[in-house]
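The values are calculated or read from the model by the stated rules, or taken from the named source; none is laboratory data. What you see is a predicted model; the values in this text were computed from it and never measured. Note that each Cβ is placed from the backbone with ideal geometry, even for glycine, and that neighbours are counted across all protein chains shown.
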Amino acid sequence: MKYCTFFGIFLCLLLPQASFAMTETTFGGSIGATIKPANPGPFEQVTVALTSYDTDLRRATISWYLGGTKKTSGIGVSSYSFQAGEVGRVMSVRAVIETIEGGYIEKTLQWVPGNAIVLWSADTYTPSLYRGKALASPDSTIKLVAFPSLYSNSGTKYDPAKLVYTWTMDDKKDSIQTGTGNSSATYTLSTLPGDTEFTVDIASVDNTAHVQKKVTISTYSPLVALYEERSLEGTHYASRLTDTFSMKGVENTVRAEPFFIVNPISNAIFAWALNNQAYATGAATRALRTGTTQSGTAQLNVLVSKPDSSVQQAKASFTVQFSR
């Protein structure tokens with residue numbers, strides 16, 4: 001199971017799988033074409049390569065046109081590389097082949113780059129002033145939402161509500177949440193540690209336009225941080241209690257703040273212990289008191305757990321220093 005510092009920045013990896021909707025036309029003969037990458041996305045470097053069993057392309061004069069503009073020409077120039085345009089811009093590449101036999105062949109490929117963004121959120125708790133992402137923890141529920149930009153070959157954008165969404169979790173198709181307009185999906189993660197891969201395939205009803213996105217979500221163990229609670233200022237979030245806390249006066253209050261425990265936090269159980277002896281159970285804050293004649297140290301521990309889960313728990317401890 002993974003751990004993370006609660007003050008760190010978390011980036012969710014979205015593996016880019018671009019959209020691809022192509023029309024291919026050939027005049028004057030039989031010419032094949034391969035395109036790499038197979039699903040070129042916006043601004044990607046693209047290579048188109050010609051193949052033929054009817055004529056020797058190494059001896060043919062081949063001219064390449066991009067968007068109607070001639071870019072290169074020469075004998076045996078059977079491939080051409082270029083950068084795809086922005087999302088929604090019609091791309092057209094044409095090859096004009098003059099064969100050694102005196103024939104004339106044209107090959108045209110046209111498509112519109114598309115894309116999709118997938119955002120996800122976890123139903124886990126973070127304090128109100130926490131600026132990071134609420135990370136997923138074992139047995140938590142996550143929601144994924146897809147925002148596609150998918151176009152027909154003429155450049156018309158498809159209505160996201162009319163696209164077909166196919167969701168998979170670790171390569172297992174989710175037939176329940178798959179369907180037209182199903183741009184979001186909700187899953188409960190395993191109680192075991194590890195990564196979970198989600199994939200959404202988005203396509204037009206006639207399947208002429210298509211985009212795929214993969215999201216890998218890691219689970220992190222819940223954690224709990226301890227802070228001093230001050231009567232006039234409230235919780236002192238600027239300084240986390242980690243090692244030793246020196247008592248100021250005869251009474252101080254400590255607050256336990258859990259991170260990444262499944263919501264709602266209202267039914268979380270806070271079990272406090274002093275020197276491994278049960279001290280109190282219930283509240284997220286605990287008052288520490290000492291008499292004026294006492295001095296020394298004590299170990300304060302807190303275990304935060306959810307009553308209906310064996311994996312939704314976190315603990316923290318520090319040393320309390322008493323002085324006369």
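Could you tell me which residue of segment 64-79 is farthest from the chain's Cα centre (by Cα), considering only residues that are more than 14 Å from Thr108 (Cα to Cα) and β-branched (Val, Ile, Thr)? Applying the filter and picking the extreme gives Ile75.
The strands (runs of 3 or more DSSP E) falling completely within segment 1-45 that include 2 or more residues that are within 19 Å of Met91 (Cβ to Cβ) and modelled with pLDDT of 75 or more map to 22-27, 32-36.
Restricting attention to segment 47-63 and to residues that are part of a strand (DSSP E or B) and β-branched (Val, Ile, Thr), the residue that is nearest to the chain's Cα centre (by Cα) turns out to be Thr47.
If the condition is being β-branched (Val, Ile, Thr) and either farther than 20 Å from Gln110 by Cβ or modelled with pLDDT of 95 or more (or both), then segment 138-156 contributes Thr141, Ile142, Val145.
No other residue among Gly102, Gly76 is in contact with a helix residue (DSSP H, G or I) (Cβ under 9 Å, 6 or more places away or on another chain) and modelled with pLDDT of 85 or more apart from Gly76.
Here the condition is being surrounded by fewer than 19 Cβ atoms within 10 Å (Cβ to Cβ) and not in a loop (DSSP other than H, G, I, E, B); of Thr208, Thr235, Thr199, Thr191, it holds for Thr235 alone.
Please verify whether segment 151-164 includes one or more residues that are touching a Gly at 6+ places or on another chain (Cβ under 7 Å) and buried (at least 18 other Cβ atoms within 10 Å of the Cβ). Looking for residues that are touching a Gly at 6+ places or on another chain (Cβ under 7 Å) and buried (at least 18 other Cβ atoms within 10 Å of the Cβ), one finds at least one in segment 151-164, hence yes. Does Lys213 meet the test of being within 15 Å of the chain's Cα centre (by Cα), among the charged types (D, E, K, R), in a strand (DSSP E or B) and outside the structural domain of Ser309 (by TED's automatic domain parsing)? Here the answer is yes, as Lys213 does meet what is asked.
Within segment 212-232, restricting attention to residues that are over 20 Å from Ala283 (Cα atoms) and polar (S, T, N, Q), the residue that is surrounded by the most Cβ atoms within 10 Å (Cβ to Cβ) is Thr219. Taking first residues from segment 153-176 that are within 22 Å of Asp195 (Cα to Cα) and touching a residue at least 12 places away in the same chain (Cβ under 8 Å) and partners that are surrounded by fewer than 15 Cβ atoms within 10 Å (Cβ to Cβ) and of a type in the set (Asp, Glu), the Cβ contacts under 9 Å between residues at least 6 apart in sequence or on separate chains come to Thr168/Glu197; Met169/Glu197; Asp170/Glu197; Asp171/Glu197.
State yes or no: is Ala84 under 42 Å from the mean Cα position of the chain (by Cα), surrounded by 12 or more Cβ atoms within 10 Å (Cβ to Cβ) and not assigned by TED's automatic domain parsing to the domain that holds Thr156? Criteria met by Ala84. Checked against (1) farther than 30 Å from Ser149 by Cα; (2) surrounded by fewer than 18 Cβ atoms within 10 Å (Cβ to Cβ); (3) under 35 Å from the mean Cα position of the chain (by Cα); (4) at pLDDT 90 or above, Ala268 meets all criteria but (2). Highlighted here are the strands (runs of 3 or more DSSP E) found entirely within segment 256-324 that include at least 3 residues which are closer than 19 Å to Tyr237 by Cα, in contact (Cβ under 8 Å) with a residue 40 or more places away in the chain and in contact with a strand residue (DSSP E or B) (Cβ under 9 Å, 6 or more places away or on another chain): 296-305, 313-322.
Within segment 137-150, restricting attention to residues that are in contact with an Asp or Glu (Cβ under 9 Å, 6 or more places away or on another chain) and of a type outside the set (S, T, N, Q), the residue that is surrounded by the fewest Cβ atoms within 10 Å (Cβ to Cβ) is Lys143.
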